[in-house]
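Undergrad: Starting off with a structure, shown below.
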Amino acid sequence: MSDNNNAMSKLNELKKTVFYELLNVMGRVFVIVRYSEDVKVGTRGFLKAEKENGLVLVFNAKMNFTWDDDGLIAATLVFGTKQEDCLIPVEHIIAVYSPELQTQFVTTYTAEVQNSSAPPAEAAPVTEKEGEPEDKEDVPAATESDNKILKVDFSKKKKKK
């Protein structure tokens, strides 16, 4: 295994470790997936803005998903009211983060970057958004506007006592 392949393999394992640690601590974890033909988002695919900026996905501890030994996440995710079967190769995850913990793991390292003479792209830091739920068991409800941009409602629902 070449040094680049070994480094990429270790980086992908680190992404998985960070993902599961944040999921275990907070009950949910956010990932940003960069556009690639290898990433499958059901029939929905990537919107124009997501192709440029990446697609933010939310996983929670109650979801049924798999992360196999080859580094492929398989999950059925909801966009608006529609469920989409998704396949996300770990090498296309560019960030794993938790707004509640104000923690993020961001990478721009790719095999293509390491094999070229071009400098790696700069990744913009992920920032905490106002109005995110304090109750860690709440999962944001996604809605889709007329222009097909996915909006997430982080408003907290009051529980009756």
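The values are calculated or read from the model by the stated rules, or taken from the named source; none is laboratory data. These numbers come from a predicted model, not from an experiment. As a convention, Cβ positions derive from the backbone with ideal geometry for all residues, glycine included, and neighbour counts pool all protein chains shown. Side chains included, ligands, DNA and RNA excluded: accessible areas come from the protein's heavy atoms. Shrake-Rupley method; radii C 1.70, N 1.55, O 1.52, S 1.80 Å.
Undergrad: So which residues in region 21-43 are more than 27 Å from residue 100 (Cβ to Cβ), exposed (fewer than 15 other Cβ atoms within 10 Å of the Cβ) and of a type outside the set (Val, Ile, Thr)?
TA: Hits for region 21-43 are 36, 37, 38, 42.
Undergrad: Can you report the number of residues in region 44-94 which are touching a Phe, Trp or Tyr at 6+ places or on another chain (Cβ under 7 Å), open to solvent by 10 Å² or more (accessible area, probe 1.4 Å) and of a type in the set (Val, Ile, Thr)?
TA: Number satisfying all stated conditions: 2.
Undergrad: Okay, moving on. Among the residues of region 13-20, is there at least one that is open to solvent by less than 50 Å² (accessible area, probe 1.4 Å), at negative phi, touching a Phe, Trp or Tyr at 6+ places or on another chain (Cβ under 8 Å) and of a type in the set (Lys, Arg)? Lay out the reasoning, then the answer.
TA: Filtering region 13-20 down to residues open to solvent by less than 50 Å² (accessible area, probe 1.4 Å) leaves 15-16, 18-19.
Filter once more, keeping what is at negative phi: 15-16, 18-19.
Add one more test, that the residue is touching a Phe, Trp or Tyr at 6+ places or on another chain (Cβ under 8 Å), and what stays is 15-16, 18-19.
Filter again for of a type in the set (Lys, Arg), leaving 15-16.
Yes, because at least one residue in region 13-20 is open to solvent by less than 50 Å² (accessible area, probe 1.4 Å), at negative phi, touching a Phe, Trp or Tyr at 6+ places or on another chain (Cβ under 8 Å) and of a type in the set (Lys, Arg).
Undergrad: Taking the stated definitions as given, is residue 78 assigned to a strand (DSSP E or B), touching a residue at least 24 places away in the same chain (Cβ under 8 Å) and more than 12 Å from the chain's Cα centre (by Cα)? Please lay out each step first, then the result.
TA: Numbers: assigned to a strand (DSSP E or B): yes; touching a residue at least 24 places away in the same chain (Cβ under 8 Å): yes; more than 12 Å from the chain's Cα centre (by Cα): yes.
Spelling it out, residue 78 is indeed assigned to a strand (DSSP E or B), touching a residue at least 24 places away in the same chain (Cβ under 8 Å) and more than 12 Å from the chain's Cα centre (by Cα).
Undergrad: Starting from region 1-14, take each residue that is among the aliphatic types (A, V, I, L, M) and list its partners that are part of a helix (DSSP H, G or I) and open to solvent by 40 Å² or more (accessible area, probe 1.4 Å), counting only C-beta distances under 9 angstrom and pairs at least six apart or across chains.
TA: 1/9; 7/114; 8/91; 8/114; 11/91
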